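Only the coordinates and a few stated rules stand behind these numbers; no lab work does. Because the structure is a prediction, the values reported are computed rather than measured. A quick note on method: Cβ atoms are made from the backbone with ideal geometry, for glycine too, and the neighbour counts reach across all protein chains shown.
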Amino acid sequence: MVLTVGNPSVALLCSPGMGHLIPMLELGKCLMSNHGFDVTVFIVTTDSSTTHSQIIQQTSSNPKTTAALNIVVLPPVDVSSKLKPLNSSQFGARIKITMEESLQLLRSAILSMKLRPTALIVDLFGTDAFAMARDLHMLTYVFFTSSAWVLALAVHVPFMEKELLDRHVKLHEPLPIPGCKPVRFEDTLEPLLLKDEVPMEHEMFLQMGSNIRNADGILVNTWEDLETSVVQNLRSGIIKGKIYPVGPLVRGADPNRTKMDHHQVLSWLDQQPAESVIFVSFGSGGTMSEAQMEEIAYGLELSQHRFIWVVRPPHGDKTATNHGSFFKLENGKSTDSLLEKFLNKTHELGLVVPMWAPQSEILDHSSVGAFMTHCGWNSTLEAITNGVPMIAWPLYAEQRMNAAALTEELGVAVRVKNGGNKAEVVERNEIHRLIRRVMVEEGVCIKERVKELKHSAKMALSEGGSSFNSFHQLAKNLQWI
Ligand code: UDP
């Protein structure tokens, strides 16, 4: 073993998508500012939107950080011919192909660095870079940006008896995961079900699980007290390296950013009573059918609670690729007749925001009383760290598992009746009922529980807390190699 001198130096590799970019940048910031690491973040992107660039810009120039985060956006690669045979729902395969095609660029970029980083830390979609990292004598780490429960599923499935998986997929039996709550069929991940229809997604998921299992270490965006038994079980031998629960790493509200943006939503929130507003948003990519959006509109109106609703073009809409053409909102007016009527009837109650809202700042605002969310893990953690009760409305990926944990284990959310099955429209009365439950009937209990979790999250990150100690341990392990 050798003790390296100076700060531990790491390279982070971030796959396309806001849900990966945001936590990876937070990890970079935390490693650099709180734990003295030298950090370079490599970003693979297919997204040149203003929001994407703004998030990179705001993070790298965060006034709280003493030095700037070194961010390298890798030049986009042309993967159009390779993506052509895939349909749009195969988003996992699309990201993985883009990552594979970017590996050569990453290798050249690392080779051109004056000092070779000790370790490469990748997200779920970056594990194919491990072979290159080992070749360059770097240690291999994963930053798993979802829960430890989902991580346990990912690392166990590739080595599971075939019969267990078959019974889950064909007979809809719960999938047992050692040391964890079994995964119900209704909450399972799509790649497990698509073995025959889309073998590529299935194989890819298994490959990722094996790669993660063989990494030198796994950082996971959770904390010991949130998922105690799952983390303990992961430590009992299934994975090769150490596990470091380092969360919750979330993009916090930034008063400077808010002042700069003067976002209309935040000025509006300033005028509303405490905990009176329900924030409705389905992540960076979640879309609904037109029929479902209509029910949400009526449900909000029926509830008569104040709201902020982030809208996107409905799926199936021909204009969906042309961002902003559906629900065009100019000077508070819309070109869509349903939305126009809705806005006219509810303009004193709430706001509709097209495409993107400053979610961290909204959830941090004292006027927000509940969050109707698709249960992406970042959104989930942002709600918990701000003490905001949730209505869990999962749409895809691991969101149904997150919704199950939030409602059945943690008691900080109520869940839509269809559990997030897109084929069934959730009706307006059900939406009204859910809002009532979380804002009125069960509000006090849920709020108490989520505030306890908020406190526990804060403790984990503060000096001497479990996540703080994980970072400390990681730094020590990276210096003794
Ligand atoms: N987000 C935001 N404004 C929006 C939509 C999303 O700031 O209008 C941010 C949100 O705060 C979170 C991330 O985008 O940090 C979404 O990540 P999540 O894991 O919740 O869901 P995904 O988009 O990956 O499905």
Sequence order, segment 264-270: Karplus ³J(HN,Hα) from phi using 6.51 cos²θ - 1.76 cosθ + 1.60, θ = phi - 60°, Hz rounded, Gly and Pro as x, gives 4, 4, 6, 5, 5, 4, 4
Under the rule rounded for a/c under 1.5, else prolate if a/b exceeds b/c, else oblate, using alpha carbon gyration tensor axes a ≥ b ≥ c, segment 100-200 is classed as prolate
Out of Leu105, Val250, Gly237 - ranked by how far each Cα lies towards the positive end of the dipole of the chain, with unit charges on the beta-carbon of charged residues - the top one is Leu105
The simple spin-label model distance between Glu197 and Glu101, using points 7 Å out along Cα→Cβ, in nm, is 2.5
Any residue on another chain or 5+ positions along whose placed amide H is under 5 Å from the amide H of Phe144 is listed here as Leu219, Val220, Asn221
Taking a ≥ b ≥ c as the square roots of the eigenvalues of the Cα gyration tensor, with a/c under 1.5 meaning rounded and otherwise prolate when a/b exceeds b/c and oblate if not, segment 162-263 is prolate
For the chain the mean separation of alpha carbon contacts under 8 Å (6+ apart) over residue count, i.e. relative contact order in percent, is 15
Measuring from its Cα centre, segment 177-293 shows a charge dipole (+1 at each Lys and Arg Cβ, -1 at each Asp and Glu Cβ) which, in debye to the nearest 20, is 520
Whole-Å distance linking the alpha carbon centroid of segment 127-205 with that of segment 438-471 is 28
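Between rounded, prolate and oblate, where does segment 371-480 land on the alpha carbon gyration tensor, with a ≥ b ≥ c its root eigenvalues, rounded for a/c under 1.5, else prolate if a/b exceeds b/c? Display every interim value, and only then the final one.
Values: a/c = 3.96, a/b = 1.88, b/c = 2.11.
Oblate, since a/c reaches 1.5 and b/c is not below a/b.
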In Å, the Kirkwood hydrodynamic radius from C-alpha pairs for the chain sits at 23.2
Those GluC sites (Glu not before Pro) from segment 398-481 that are DSSP loop and have at most 13 other Cβ neighbours within 10 Å turn out to be Glu424, Glu463
Distance in nm between Met355 and Glu173 label points, each 7 Å along Cα→Cβ, equals 4.9
With +1 on the Cβ of every Lys and Arg and -1 on the Cβ of every Asp and Glu, the dipole magnitude of the chain about its Cα centre, in debye rounded to the nearest 20, is 740
The pairs in Lys29/Lys451; Lys29/Lys114; Lys195/Lys240; Lys170/Lys242 lying past 24 Å Cα-Cα in this model are Lys29/Lys451; Lys195/Lys240; Lys170/Lys242
Answer in debye to the nearest 20: the dipole magnitude of segment 362-481 about its Cα centre, from +1 Lys/Arg and -1 Asp/Glu charges placed on Cβ, is 100
